[in-house]
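I have placed the structure first, in the form of C-alpha cells, so that the comments after it can refer back to it.
The values are calculated or read from the model by the stated rules, or taken from the named source; none is laboratory data. Please read all numbers here as calculations on a predicted model, not as lab measurements. Here Cβ is always computed from backbone atoms with ideal geometry, including for glycine, and neighbour counts include all displayed protein chains.
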Amino acid sequence: MHIEYESNGMLSVRFYQEGLLRPLNAAELSDGTLRYLLLVAALLTPRPPELMVLNEPETSLHPDLLPALSRLIAKASQLCQLWVVSHANSLINALNTFEHCNLIELDKQLGQTEIVGQDILSKPSWNWQSRT
C-alpha cells in the first residue's frame with residue numbers, strides 16, 4: 001500500500017499486490033478491504049485517544065480476518081480504553097480469550113435491554129476508572 005499526496009491537497013491510496021499488473025486505487029478495493037485498512041490505521045495509531053469505541057467493526061469483513069482484528073484490538077487496548085460493540089460471536093469469542101477483556105452481554109426482554117447475569121439489586125460487573 002502506498003499513500004500519495006495529490007496536487008489538489010487530497011491523499012490517494014494505491015494498493016500493490018504481487019501478481020497484479022498495476023496498483024489498485026481505493027475506489028477499486030472492496031468495502032471490507034477499505035474498512036479493514038481503516039481499522040488497522042485507527043488501532044495502530046501512535047497517539048491513541050483516551051477512549052476508542054468500535055461499533056460493529058466486523059461489518060463487511062471476511063470472517064477469516066476476525067482473529068487478526070481481535071489481536072489488533074487487544075494490542076490497542078493496552079494503550080487506551082477500548083469498547084467494542086458487536087453481534088459477531090466469532091469476534092466476541094476471540095476477544096474474550098484475552099485476560100483483560102471484560103465482556104458485558106446484553107439481552108432484550110419484553111422490549112427492555114438488560115445486562116445478562118445482573119438484576120436490579122446486583123452490582124455492575126465493571127467499574128469506572130479514576131482520572132487521577
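In region 1-24, which residues are surrounded by 12 or more Cβ atoms within 10 Å (Cβ to Cβ) and under 24 Å from the mean Cα position of the chain (by Cα)?
Listed by number, the residues that qualify are 1, 12, 13, 14, 15.
Has region 6-16 got at least one residue that is modelled with pLDDT of 95 or more, of a type in the set (Lys, Arg) and in contact with a helix residue (DSSP H, G or I) (Cβ under 9 Å, 6 or more places away or on another chain)?
No, region 6-16 has no match at all.
Report the residue count in region 73-127 for those that are within 26 Å of residue 45 (Cβ to Cβ) and of a type in the set (Lys, Arg).
Residues in region 73-127 being within 26 Å of residue 45 (Cβ to Cβ) and of a type in the set (Lys, Arg): 1 in total.
Looking at 120, 73, 92, 115, which one is surrounded by fewer than 11 Cβ atoms within 10 Å (Cβ to Cβ) and of a type in the set (A, V, I, L, M, F, W, C)?
Checking each option against the conditions leaves just 120.
Looking at region 9-27, I want the residues that are at positive phi and without any contact (Cβ under 8 Å) to a residue 24 or more places away in the chain and have a partner that is surrounded by 10 or more Cβ atoms within 10 Å (Cβ to Cβ) and of a type outside the set (Val, Ile, Thr) with Cβ atoms under 7 Å, at least 6 apart or on another chain. Which pairs are those?
none
List pairs: first in region 115-128 and modelled with pLDDT of 75 or more, second among the acidic types (Asp, Glu), Cβ under 7 Å, 6+ apart or cross-chain?
Here the result reads 116/105; 116/107, each pair linking region 115-128 to a residue that is among the acidic types (Asp, Glu).
In region 83-127, what residues are among the acidic types (Asp, Glu) and either on the phi > 0 side of the Ramachandran plot or under 22 Å from the mean Cα position of the chain (by Cα) (or both)?
The answer is 99, 105, 107.
Would it be correct to say that residue 8 is among the polar types (S, T, N, Q) and not in a helix (DSSP H, G or I)?
yes
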